[in-house]
Amino acid sequence: MRIKAVIAYDGSHFFGFQSQKTTPHTITGRIETAAKKLGIHSPVVGSGRTDRNVHATGQVIHFDLPEHWQEDLKKLKIVFNRLLQPSIQIKTITPVHDTFHARFDAKRRIYRYVLKSIPTTPFENAYCTYIGKCDMKKLEEALHLFRGTHDFSLFHKKGSDPGSTVRTIWRSEVRNFKNYTILYLEANGFLRAQVRMLAGAAIRYAQGGLSIEQIERQLAGKQLFTTYLAPPQGLYLARVTY
């Protein structure tokens, strides 16, 4: 039986989401290690990868259960969380059809980026990014440019073949809460490090390091002006919808 699980994790304790040959300290690696202790040997498939130090409150994974766990998903969740605590939590476990795929069946992904206009405390350093003085209206102006369907060929980290670099962004907005600024980006999918590069360009424009015309030209694929990646701290995969 295939199950879908919604998970949350503190990315600052791991070397990213995806399994790596050089280290077992990844989100997937930790979950698969715990699963084997429960007699589950299925690979874990996620809706998408997150970088080192990027968190999640609504990542989705799928894997297949052996027969001895199929009748008690409530107990499975409890036992799994005991093995995964304190940095990973399984929030829900639900059975799905055998062809369900956490990555390929996903329709929309929402990222939340928590920024702060005043210096962070030691307790916040891993969970939000200090940006200092920043024009919030310009920050929102830049983010609005990314809405719609675009070829983001100059707004992602190279190193792997993504196939098409065309993506549709439905939501890109800024919200303020006390000393925090929260960016929201919702799309049908994101390229490697795309969220961090889009946020980085918007922040640079809001701080006077880029012009809006330069961002427009880069978005149109005409000229590369910045490859700056906003820090991973404060970035969360918030939700995946199907």
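The values are calculated or read from the model by the stated rules, or taken from the named source; none is laboratory data. Everything numeric in this text was worked out from a predicted model, so none of it was measured. Every residue, glycine as well, gets a Cβ built from its backbone with ideal geometry; the counts of neighbours run over all protein chains shown.
Is at least one residue of the stretch 215-234 crowded, with 23+ Cβ neighbours inside 10 Å, in contact with a strand residue (DSSP E or B) (Cβ under 9 Å, 6 or more places away or on another chain) and either more than 16 Å from ALA56 (Cα to Cα) or at pLDDT 95 or above (or both)?
Yes: the stretch 215-234 contains one or more residues that are crowded, with 23+ Cβ neighbours inside 10 Å, in contact with a strand residue (DSSP E or B) (Cβ under 9 Å, 6 or more places away or on another chain) and either more than 16 Å from ALA56 (Cα to Cα) or at pLDDT 95 or above (or both).
For THR28, only one of the following conditions fails: (1) on the phi > 0 side of the Ramachandran plot; (2) buried (at least 19 other Cβ atoms within 10 Å of the Cβ). What is its number?
Condition (1) is where THR28 drops out.
Per-residue answers, yes or no, for (1) closer than 18 Å to ALA230 by Cα; (2) touching a Lys or Arg at 6+ places or on another chain (Cβ under 8 Å); (3) outside the structural domain of TYR184 (by TED's automatic domain parsing); (4) of a type in the set (Gly, Ala, Ser):
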position	(1), (2), (3), (4)
ALA106	no, no, yes, yes
TYR127	yes, no, no, no
GLY132	yes, no, no, yes
MET136	yes, no, no, no
GLY148	no, no, no, yes
PHE152	yes, yes, no, no
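Of everything in the stretch 94-125 that's closer than 21 Å to ARG49 by Cα and buried (at least 18 other Cβ atoms within 10 Å of the Cβ), which residue is nearest to the chain's Cα centre (by Cα)?
Per the stated criteria, the residue is TYR111.
Please find, among ILE90, ILE78, the residue that is more than 24 Å from the chain's Cα centre (by Cα), β-branched (Val, Ile, Thr) and assigned by TED's automatic domain parsing to the domain that holds VAL44.
Answer to the selection: ILE78.
Considering only the stretch 31-54, state which residues are among the hydroxyl-bearing types (Ser, Thr, Tyr) and buried (at least 20 other Cβ atoms within 10 Å of the Cβ).
Answer for the stretch 31-54, where residues must be among the hydroxyl-bearing types (Ser, Thr, Tyr) and buried (at least 20 other Cβ atoms within 10 Å of the Cβ): SER47, THR50.
Name the single residue, out of those in the stretch 175-190 being buried (at least 21 other Cβ atoms within 10 Å of the Cβ) and in contact with a Ser or Thr (Cβ under 9 Å, 6 or more places away or on another chain), that is farthest from ILE118 (Cα to Cα).
If we filter the stretch 175-190 for residues that are buried (at least 21 other Cβ atoms within 10 Å of the Cβ), which is where we start, we get 181, 183, 185, 187, 190.
Then drop every residue that is not in contact with a Ser or Thr (Cβ under 9 Å, 6 or more places away or on another chain), which leaves 181, 183, 185, 187.
Numbers: THR181: 11, LEU183: 16, LEU185: 23, ALA187: 29 Å.
Per the criteria, the residue is ALA187.
Pick out, from the stretch 1-108, the strands (runs of 3 or more DSSP E) lying fully within it that include 1 or more residues that are touching a Phe, Trp or Tyr at 6+ places or on another chain (Cβ under 7 Å) and without any contact (Cβ under 8 Å) to a residue 40 or more places away in the chain.
none
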